[in-house]
Amino acid sequence: MISSDSNAHCEAFEVLNAAGRGEAVILCEHASYRIPPRYQGLGLAEADRQSHAAWDPGARAIALQLAKALDAPLVASRVSRLVYDCNRPPEAASAMPEKSELIEVPGNRSLSQDQRDEREMTIYRPFCAAVERTLEARKKEGLSTVLITIHSFTPVYHGTQRAVEIGILHDSDTRLADAMLAQAPALPHRCVERNEPYGPSDGVTHSLKLHGLKNGLANVMIEVRNDLLRNAEEEALMAQELLTLLTPALCALKQEGCKDA
Ligand SMILES: [Zn+2]
């Protein structure tokens with residue numbers, strides 16, 4: 001059960017199941033398409049405001065189901081990545097993109113340093129601080145942690161159809177990704193790929209590096225093609241499929257840790 005005590009939320013983020021005692025902490029940086037009123041919709045058409053450019057459809061739903069199944073704390077952003085992409089450092093142009101795939105973002109054109117700073121301080125920093133607090137609290141309690149970030153991606157990008165259905169992404173620490181990919185034959189109907197449709201050279205492993213590698217935590221980024229997440233039933237099915245990869249992978253990693261100790 002997701003407990004409501006010790007949960008927290010504010011404009012920038014929410015922490016669910018904060019007291020979860022499982023071995024994972026789950027992040028969802030692109031969980032919401034919400035644009036706080038002061039940004040006046042970034043000048044976007046309504047359809048664009050809720051498109052995959054603005055968020056990862058279905059990602060929060062599967063992150064929540066994994067959090068329940070693994071008894072894991074979940075830290076999710078509550079602001080559209082077009083306002084600030086919490087999986088990017090402030091100095092990256094893509095943190096506040098002027099253009100995302102085919103969508104121009106008028107409200108991000110020629111931002112002043114003050115405007116960039118305001119978004120960093122009100123969205124990115126609070127999100128990062130929530131992740132740090134969650135990790136720190138577990139460390140104090142002697143809980144070991146692996147870090148999992150959950151994303152979804154569009155089936156057609158710049159006009160090209162993507163075959164990959166589940167991407168298992170990693171940076172320099174491949175432990176958890178390797179262990180999950182070793183389980184891929186358990187999903188013979190799925191196209192499961194390593195570092196697809198993105199990889200470290202696309203800048204998508206910012207959270208993994210900042211919160212995982214820096215703290216010596218095994219980590220993985222999971223990307224699911226969003227045409228497999230069209231409703232609650234499909235989201236539940238996908239969460240189960242991800243658990244088919246994750247549960248034995250977490251177990252294998254634990255045994256590896258025991259051997260080291
Ligand atoms: Zn994403």
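Before moving on, here are some points about what is shown:
- Nearest-10 value in Å² for the accessible area of Ser144, using the 1.4 Å probe: 90
- Cβ-defined net charge surrounding Gln240, 15 Å radius [Lys, Arg +1; Asp, Glu -1]: -3
- Looking at the range 4-260 alone, DSSP beta bridges between its own residues are antiparallel in about 45 percent of cases.
- Axis of helix 125-140 versus longest Cα principal axis of the chain: the two differ by about 20°, to the nearest ten degrees.
- The order of Leu135, Leu213 by accessible area, most exposed first and with a 1.4 Å probe, is Leu213, Leu135.
- Here the Gaussian network model covers the chain, with springs between Cα atoms less than 10 Å apart; of Arg162, Arg49, Arg194, Arg162 fluctuates the most.
- Solvent accessible area, Å² - Tyr157, 1.4 Å probe, full protein context: 80
- Per residue, the range 166-211 exposes an accessible area of 42 Å² to a 1.4 Å probe, with every protein chain left in place.
- Spin-label model distance (nm) - Ala137 vs Arg230, 7 Å beyond Cα toward Cβ: 3.9
- Accessible surface of the chain, 1.4 Å probe: 52 percent of it comes from carbon and sulfur atoms.
- Area accessible to solvent at Glu132, 1.4 Å probe radius, in Å²: 90
- Pairs of alpha carbons in the chain whose separation is greater than 29 Å (percent): 27
- Other residues within the sphere of radius under 14 Å centred on the Cβ of Gln115, judged by their own Cβ, net out at -1 (K and R +1, D and E -1).
The values are calculated or read from the model by the stated rules, or taken from the named source; none is laboratory data. Because the structure is predicted, anything quoted here is derived from the model rather than measured. Reconstructed Cβ throughout: ideal geometry from the backbone, glycine too, with neighbour counts over all protein chains shown. Remember, those area values only see protein heavy atoms, side chains included, never the ligands or the DNA or RNA. Shrake-Rupley method; radii C 1.70, N 1.55, O 1.52, S 1.80 Å.
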